[in-house]
1. Between A:303, A:361, which is within 30 Å of residue A:265 (Cα to Cα) and under 34 Å from the mean Cα position of the chain (by Cα)?
2. I need a count of the residues in the range B:316-341 that are buried (at least 16 other Cβ atoms within 10 Å of the Cβ) and in a strand (DSSP E or B).
3. In this structure, is residue B:242 buried (at least 20 other Cβ atoms within 10 Å of the Cβ) and under 27 Å from the mean Cα position of the chain (by Cα)?
4. Is at least one residue of the range A:301-322 within 7 Å of another protein chain (Cβ to nearest Cβ), outside any strand (DSSP E or B) and touching a strand residue (DSSP E or B) at 6+ places or on another chain (Cβ under 8 Å)?
5. Within the range B:392-414, identify whether any single residue is farther than 25 Å from residue B:180 by Cβ and outside any loop (DSSP other than H, G, I, E, B), and answer yes or no.
6. Filter the range A:6-31 down to the residues that are at pLDDT below 80 and part of a helix (DSSP H, G or I) and list them by number.
7. Take the range B:332-375 and flag every residue that is under 22 Å from residue B:393 (Cα atoms), out of contact with any helix residue (DSSP H, G or I) (no Cβ under 8 Å at 6 or more places or on another chain) and within 12 Å of chain A (Cβ to nearest Cβ).
8. Does at least one position in the range A:268-275 carry a residue that is within 7 Å of chain B (Cβ to nearest Cβ), at pLDDT 90 or above and buried (at least 19 other Cβ atoms within 10 Å of the Cβ)?
């Protein structure tokens, strides 16, 4: 064997040995953070919180001290005992409660003995950091004195709800005819939804339990990618398709009869919404039959330049979802809405009169109907 | 390559601009209205015009009853006469629409009353859609005796109600119920009949025997009910005109929960024998009863569908009382109630689209409605004790029994719109329970 081979073998062996026994493969592991949490049930959490929130509980982080060379590693300091909160009635098992949050930094391998730092004692109940998926308790505002500079008279109490409006009366012994005492009452105002007696109870109960949201809607899934076109488009094809599109657009514009085309800028979304809201306020479906409430009607009308509907021009253009009789009732309600709220003219931009001279309104009671 | 791309981009934006302009200018402005308001429709009823002196009082009374009927639905709101700008002095005079629009009267009802010397009277009326400046339908006239002035007022209100809402009428109808007097531990029960609004109450039986669950026949001429006159529950049929009572001859230890078929020719009921209760059907022609169910559970509270083809009933065959539907001739039953709690006393709507029921859940009683397949269940009421729903002839209103809690608690009749609104008590002279809403009177 040649000396070169010996030298090479010794060199490689030395290198391998250095890698295994030296610091070659003993790089410090990257520090990482471990968070341990205790998951408790909603009932346990309710009991815990019902007993009163601990006043700023101290969550002490156990920090193992990096040992100094030639000195034994000191045990981790015991966590500071927090102020004992008001003891809850229901105590979860203490042994299952791990330390709250520990940030662990692994010391260098070369400088540590093979003994872990002493376990810190388990903290008392009430220190647990818990993962709560439900509602959190809203902090109570600090009370503050509220003193008005001048005394204010007590406001009039609200009237009770009753079928028939009645004024408040007080008994008057001096009166010739004795008047029975009664509280003021008034019928309920209009509503945009129907709440039954049964639902009222449920809503009240729900409101008492928690105002926090229980679930959230699942985010919609990402739409599928469009399938790539298998055709290779050449520059000539592109030019042809562009020419076709232009021709189509111009052709559409040409085929529409010129006199029926409004000109000028279209109504903005806000202007359309304002008209929609104005009509909605007068669209009363409270007196419609169940079938009429299931009927969508399209009503066409002409408008004067001051924003008023031309009464004689209002007509039922089409309907769907119900019989002709039901559509007629639905149309009457729609017609009343258009005329009533348009009596003083709708707030429409005069300079865009061409855009709203003719209007088609679709009255869709799907959200208002009895189910 | 870059040149072609530039041409393409420029052409693209040109097309977009042209297309947008074309769309924006195409046709009339289109708006979709999906949100409205739910509030009573304001209406005005000036006093009906008396055409002679004898009609003076009646004309005012009739106008009041018409207004009360409409307001009682919860769908209308009356505008007081003190708000009127113009008065209607003549039934044939033209209407000053502007004056009625000014007070936001959306419907106007005018009428006139004439009383002849022989005690007969005529009532005529017109309905106007004020904001349309037009009459809503043609004028109508009813004739009758002065004793029946309330019925004529109800008929006027029925016509107005139907013309404005599109619903069928129901004011000219009657309700049979159990009138209760005395303390809770010694309650006297009698069958009674009244107008739908609680007026004109008349007793049909005395209080010598306990009576339960009266049910009108489809034509309103008979009432079938359960009587304890013999010490055991037995089914009786009462003729409303003559107040004659006939006990149906049926086998079994106890028979109860009867209900007429839609043609009035047969009755379906529960029959208890040997501790087991099943449904039976019996014709009034004397034929033997036909057994419809044969389960070792309690089947009761049957009710026919309007077409007479099916029966909805209550059964605890699944362990708790639930609602089932089967053919009117018996056979396999299909469960339709699957919600929490116990369901009972189902009643098929006259329209055929809904089933009303009593539900007990979490210590509360509810009156609710559901589709005939059990879907879209809605609870309309909630209280200590609500039970026994009965449909109005048009299927829009439900009347039921509500009993208050405590030693002094007593049952009363309540009604509620199927939307869940307009829950109100029906005034009766005494405590009342078990209402059965009859058909429109003829």
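The values are calculated or read from the model by the stated rules, or taken from the named source; none is laboratory data. Everything numeric in this text was worked out from a predicted model, so none of it was measured. Counting neighbours? That spans all protein chains shown, and the Cβs are built from the backbone with ideal geometry, glycine included.
1. The conditions single out A:361.
2. Result for the range B:316-341: 5.
3. no
4. No - not one qualifying residue is present in the range A:301-322.
5. no
6. A:19, A:20, A:21, A:23, A:24, A:25
7. B:349, B:351, B:353, B:354, B:367, B:369, B:370, B:371 - these are the residues of the range B:332-375 that are under 22 Å from residue B:393 (Cα atoms), out of contact with any helix residue (DSSP H, G or I) (no Cβ under 8 Å at 6 or more places or on another chain) and within 12 Å of chain A (Cβ to nearest Cβ).
8. Scanning the range A:268-275 turns up at least one residue that is within 7 Å of chain B (Cβ to nearest Cβ), at pLDDT 90 or above and buried (at least 19 other Cβ atoms within 10 Å of the Cβ).
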